[in-house]
Amino acid sequence: MTNLQLQSLQLERSIELPSQQLSAISARGIEMVFRSGNDYCRVLKGIDLEVQQGDIQFLMGPSGSGKTTLLSILAGILTPTAGSVRILGRDITQMSRRQLAEFRRSQIGFVFQGFNLFPTLSVLENVEVALNLNGLKGEASRKQALTLLAQVDLIDKAQLMPCHLSGGQKQRVAIARALAGNPCILMADEPTASLDSHNGHAAIALLHNLAKERGCTVLVVTHDPRITEFADRIVHLEDGEIGRMEYRAVDLEALERQASWST
Ligand SMILES: Nc1ncnc2c1ncn2[C@@H]1O[C@H](COP(=O)(O)OP(=O)(O)O)[C@@H](O)[C@H]1O
Ligand SMILES: [Mg+2]
C-alpha cells in the first residue's frame, strides 16, 4: 500500500494511525567509530534518516562516505557505536542477537554488493538455501524457489551454476534470494555497480516494481547516476553526514522503456 493510499484510508475511516506506521525505517543519531590499533575512524557522525513505507529511496555518496556501513547498521548486520534504528516501529538496536536474527529473516531482504551467490550451488539451490533458513524444506522450498525465480524471469536458468550466468542474471538471483522471507523491507548495496546500463535499469526497475506493486520498502545504496530517475527520494551521504535530500517523481515511461532484461 502506498503512503497516499494509507493516508486516504486514514482519512476515509477516521482511523488514528500512529505516525510511525508510515515510517518503515527510522534512524536517529547513528554514530559509527571503527578502531584499528590506536587509531579511531569516525565513519558516521550522527545520522538521522527516515524511509517511508512503500517508497524506493536511494542513499548516494562517494566511495568511502559510509554508505555500506550505514546500510549494514539499518539492516541489523552491524551494531552502531551510538544511536537507534527502528524498523516497522521496532527498535532493532535493543533486540537480543536471537530476536534480531529472527526479525531480519522475516522482515528484511538484503542484496549484497557483488551478488554473494554460492558458486557450487545451482541457481535453484541458491534460492532454496535462503528458503531453508526460513523453515521451508523439501518440495515446498523447491516450489517456492521456482515461484521466486519466475518473478525475476529466470525460470529457464534454474538448473545452471552461477558461473554460467551474466551479471544481470546473477543480480536477479540475488534479488530472488533476498525475497525468500517475503520481506517488507528490501535493502540493496550497489545493485547496478557491475551491470551495463541496460541491465542496470532492469535491476532498478525490478526493485521499483517490488516497492510499487508489492508495497515493499526499498532502500538502495548507489553511486550510479544512471538510475536516479527511479527513486522517490534521494539522500546524499557526505563524509559521514546527511547532506542534500531530493524528492523525485518517478519517470514511469522511462521505466517501461528500459525495464526489459538483456541477457
Ligand atoms: N570494519 C571496518 N574497520 C575499519 N574501517 C572500516 C570498516 N568498514 C569500513 N571502514 C571504513 O569506513 C569508511 C566507510 O566505508 P564504507 O561504509 O564501506 O563506505 P562506502 O560504502 O560509502 O564506500 C571507509 O573509510 C572504510 O575504510
Ligand atoms: Mg560500499
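The values are calculated or read from the model by the stated rules, or taken from the named source; none is laboratory data. As the structure is a computational prediction, the values presented were derived from the model and not from experiment. Note that we place each Cβ from the backbone using ideal geometry, even for glycine, and neighbour counts take in every protein chain shown.
Identify the residue in region 112-131 that is at pLDDT 95 or above and either over 22 Å from residue 210 (Cβ atoms) or within 16 Å of ligand 2 (Cβ to nearest atom) (or both) and, among all such residues, is nearest to the chain's Cα centre (by Cα). My answer is 118. For region 92-125, a residue qualifies if it is small (Gly, Ala, Ser) and more than 26 Å from residue 192 (Cβ to Cβ), and the qualifying residues are 96, 101, 106.
Among residues of region 39-65 that are free of Cβ contacts under 8 Å to residues at least 60 places away in the same chain, those with a beta-carbon under 7 Å from a residue that is small (Gly, Ala, Ser) and part of a strand (DSSP E or B) at least six positions away or on a different chain give the pairs 50/23; 50/26. For region 219-235, taking the residues that are of a type in the set (A, V, I, L, M) and farther than 27 Å from residue 102 by Cα, the one that is nearest to ligand 1 (Cβ to nearest atom) is identified as 235. Exactly one residue out of 11, 6 is at pLDDT below 95, in a helix (DSSP H, G or I), more than 20 Å from residue 231 (Cβ to Cβ) and not polar (S, T, N, Q): that is 11. Sub-9 Å Cβ pairs linking a first residue in region 73-88 that is without any contact (Cβ under 8 Å) to a residue 40 or more places away in the chain to a second residue that is charged (D, E, K, R), at least 6 apart or interchain, are 76/104; 77/104, ordered by first then second residue.
Every residue, every condition in (1) farther than 28 Å from residue 229 by Cβ; (2) away from ligand 2 (no atom under 16 Å from the Cβ); (3) touching a Leu at 6+ places or on another chain (Cβ under 6 Å), yes or no:
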{"site": "33", "(1), (2), (3)": "yes, yes, no"}
{"site": "37", "(1), (2), (3)": "yes, yes, no"}
{"site": "40", "(1), (2), (3)": "yes, yes, no"}
{"site": "45", "(1), (2), (3)": "yes, yes, no"}
{"site": "48", "(1), (2), (3)": "no, yes, no"}
{"site": "56", "(1), (2), (3)": "no, yes, no"}
{"site": "62", "(1), (2), (3)": "no, no, no"}
{"site": "67", "(1), (2), (3)": "no, no, yes"}
{"site": "73", "(1), (2), (3)": "no, no, no"}
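Considering region 126-143, the residues that are without any contact (Cβ under 8 Å) to a residue 24 or more places away in the chain and crowded, with 19+ Cβ neighbours inside 10 Å include one that is farthest from residue 194 (Cα to Cα), namely 141. Looking across region 182-218 at every residue that is within 16 Å of ligand 1 (Cβ to nearest atom) and crowded, with 22+ Cβ neighbours inside 10 Å, the one that is farthest from residue 133 (Cα to Cα) is identified as 192.
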